[in-house]
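Before any comments, here is the structure.
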Amino acid sequence: MVYLVTGGAGFIGSAVVRMLVTGGHTVVVLDKLTYAADLRRLDAIRDCGRLFFEKADVCDGPAVARILAQYGPTAILHLAAESHVDRSINEPAAFIHSNIVGTHELLHCALDYWLRLGEAPRQGFRFVHVSTDEVYGELGPTGVFTEKTAFAPNSPYAASKAAADHLAGAWHRTYGLPVIVTSCSNNYGPYQFPEKLVPTVIGAALGDRPIPVYGRGDNVRDWIHVEDHARALLAVRQRGRPGERYNIGAACERRNVDFVREVCTVLDRHAPRRDNRSYADQITFVADRPGHDFRYAIDASKIGAELGWSPREQLPDSLERTVCWYLENMDWLTRPGPDVAHGMPSQPSKAAIK
């Protein structure tokens, strides 16, 4: 099978790409290589002969149409997005453009491509639109998000993703495009961009700087390892029903301050401070984020019951492995990623895509 993965040089997208290529599939990565993208995430599979790269923007309809016609994918996994909440507060226009306009252009081109397919490939084609639990807004001390939870986005990022989700659903209901939407909780794992929580905590701790935590750290997030998310997306592509939405989560809630302390505890074991104090002593509470959602929690029972997926990774073991990965790859916290393809092919041979 041939997969088109948008945002395949990103944190979650690259985990999906690595898993697909390792599983014997051919993958075309479409990525415009913005600040958070990094092709080093694909180094381990670069020379496999089944990985192809296209530097392009999902907002560029003609480029997307060309790529679809050239490579003939049997599925699209759409992960290209601006995703950092703080950045969306300061630069909302970029999120509206990439997440809404980009999703529209991709859906438009995918529909035209899908309608030109023969009957059998049309039946097997899937468009998986990857979203976030933030579209649901916030929860109080109890309750969980289900696929029936009404949208109530509170940040520009969440609002842009909610709009994209509605577009994806409309393209299924109006035009019949076999779209499936997923919403996932907070991800952690190797290769995450340094602005995200785990690498931020590690970088600040080892740099002997304050470890910033919003408010009093009481906000609650539901955490999942990125490889569990990737496995879930492949299950959705293989067995999910078009027109459906699937929530993805590992039922692993933590207050932000407690999660940060867990990271510090791992650092205390593997890279202790010279004065033997805990890195948790560096935690510093800072002014809260505007519109900061109090709590997220995912009910993932539907994907478990219908598709047989369940998380394999669980805290604290997987968090310890994640922190140790960053300790072994310290340049990841500081070195900017390249914006070139490093020789990754952009033209498939016929043998490569059969």
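The values are calculated or read from the model by the stated rules, or taken from the named source; none is laboratory data. Small disclaimer: the values here were computed from a predicted structure and weren't measured. Because the Cβ atoms are built from the backbone with ideal geometry, glycine has one as well, and the counts that use them run over all protein chains shown.
Taking the condition of being acidic (Asp, Glu) and over 17 Å from the mean Cα position of the chain (by Cα), how many residues in segment 138-181 meet it?
Number satisfying all stated conditions: 2.
So in segment 38-81, with the set limited to residues that are among the charged types (D, E, K, R) and farther than 30 Å from Trp325 by Cβ, which one is nearest to the chain's Cα centre (by Cα)?
Asp57
Pairs only if they're at least six apart or on different chains, beta carbon under 9 angstrom, first in segment 124-147 and without any contact (Cβ under 8 Å) to a residue 40 or more places away in the chain, second in a loop (DSSP other than H, G, I, E, B); list them, first residue then second.
From residues that are without any contact (Cβ under 8 Å) to a residue 40 or more places away in the chain, the pairs are Thr142/Ala297.
Taking interchain pairs and intrachain pairs at least six residues apart, which have beta carbon atoms under 9 angstrom, with the first residue in segment 40-51 and within 24 Å of Phe193 (Cα to Cα) and the second surrounded by 19 or more Cβ atoms within 10 Å (Cβ to Cβ) and charged (D, E, K, R)?
Pairs that qualify, where the first residue is within 24 Å of Phe193 (Cα to Cα) and the partner is surrounded by 19 or more Cβ atoms within 10 Å (Cβ to Cβ) and charged (D, E, K, R), are Arg41/Arg18; Leu42/Arg18; Ala44/Arg18; Ile45/Arg18.
Please indicate, with yes or no, whether at least one residue in segment 216-230 is closer than 23 Å to Val17 by Cα, touching a Cys at 6+ places or on another chain (Cβ under 9 Å) and assigned to a helix (DSSP H, G or I).
yes
Kindly indicate which of Ile45, Ile12 is buried (at least 20 other Cβ atoms within 10 Å of the Cβ), on the phi < 0 side of the Ramachandran plot and at pLDDT 95 or above.
That would be Ile12, the only listed residue that is buried (at least 20 other Cβ atoms within 10 Å of the Cβ), on the phi < 0 side of the Ramachandran plot and at pLDDT 95 or above.
List the pairs whose first member sits in segment 186-206 and is farther than 15 Å from Ala36 by Cβ, whose second member is at pLDDT 95 or above and among the charged types (D, E, K, R), and whose Cβ atoms are under 7 Å apart, counting only residues at least 6 apart or on separate chains?
Going by the 7 Å Cβ cut-off, the qualifying pairs are Asn186/Arg221; Asn186/Asp222.
Exactly one condition in (1) part of a loop (DSSP other than H, G, I, E, B); (2) under 27 Å from Ile248 (Cα atoms); (3) of a type in the set (A, V, I, L, M, F, W, C) is false for Val101; which is it?
Every listed condition holds for Val101 apart from (1).
Got a sec? Which strands (runs of 3 or more DSSP E) wholly within segment 1-75 have at least 2 residues that are over 19 Å from Asp112 (Cβ atoms) and β-branched (Val, Ile, Thr)?
26-31
Do we have any residue at all in segment 53-69 that's without any contact (Cβ under 8 Å) to a residue 12 or more places away in the chain and of a type outside the set (D, E, K, R)? If you could, list the steps in order and put the result at the bottom.
Restricting attention to segment 53-69, the residues satisfying the condition of being without any contact (Cβ under 8 Å) to a residue 12 or more places away in the chain are 62-63, 66.
Keeping just the survivors that are of a type outside the set (D, E, K, R) gives 62-63.
The answer is yes; a qualifying residue exists.
Residue pairs, Cβ under 7 Å, 6 or more apart or interchain, first in segment 80-94 and without any contact (Cβ under 8 Å) to a residue 60 or more places away in the chain and surrounded by 15 or more Cβ atoms within 10 Å (Cβ to Cβ), second outside any helix (DSSP H, G or I) and not aromatic (Phe, Trp, Tyr). List them.
So the pair list comes out as Ala94/Glu82.
Every residue in segment 220-233 that is of a type in the set (A, V, I, L, M, F, W, C) and out of contact with any Leu (no Cβ under 7 Å at 6 or more places or on another chain), please. Before you say what the answer is, go through the steps one by one.
Our first condition is that a residue be of a type in the set (A, V, I, L, M, F, W, C); within segment 220-233, this holds for 220, 223-224, 226, 230, 232-233.
Answer for segment 220-233, where residues must be of a type in the set (A, V, I, L, M, F, W, C) and out of contact with any Leu (no Cβ under 7 Å at 6 or more places or on another chain): Val220, Ile224, Val226, Ala230, Ala232.
Is it fair to say Lys32 is more than 17 Å from Val2 (Cβ to Cβ), buried (at least 20 other Cβ atoms within 10 Å of the Cβ) and touching a Lys or Arg at 6+ places or on another chain (Cβ under 7 Å)?
yes
Would you check if there is a residue in segment 103-112 being in contact (Cβ under 8 Å) with a residue 12 or more places away in the chain and among the polar types (S, T, N, Q)?
Yes.
Mind listing just one residue for me: the one in segment 48-86 that is under 30 Å from Val286 (Cβ atoms) and among the small types (Gly, Ala, Ser) and, of those, modelled with the highest pLDDT?
Looking at residues that are under 30 Å from Val286 (Cβ atoms) and among the small types (Gly, Ala, Ser), I get Ala81.
Name the residues in segment 302-312 that are surrounded by fewer than 20 Cβ atoms within 10 Å (Cβ to Cβ) and touching a residue at least 60 places away in the same chain (Cβ under 8 Å), would you?
Looking only at segment 302-312, we keep the residues that are surrounded by fewer than 20 Cβ atoms within 10 Å (Cβ to Cβ), and these are 302, 304-308, 310, 312.
Result: Lys302, Glu306, Leu307, Gly308, Arg312.
Go through the residues of segment 189-197 one by one and say whether even a single one is hydroxyl-bearing (Ser, Thr, Tyr), part of a helix (DSSP H, G or I) and either closer than 30 Å to Gly176 by Cα or under 21 Å from the mean Cα position of the chain (by Cα) (or both).
Within segment 189-197, not a single residue is hydroxyl-bearing (Ser, Thr, Tyr), part of a helix (DSSP H, G or I) and either closer than 30 Å to Gly176 by Cα or under 21 Å from the mean Cα position of the chain (by Cα) (or both).
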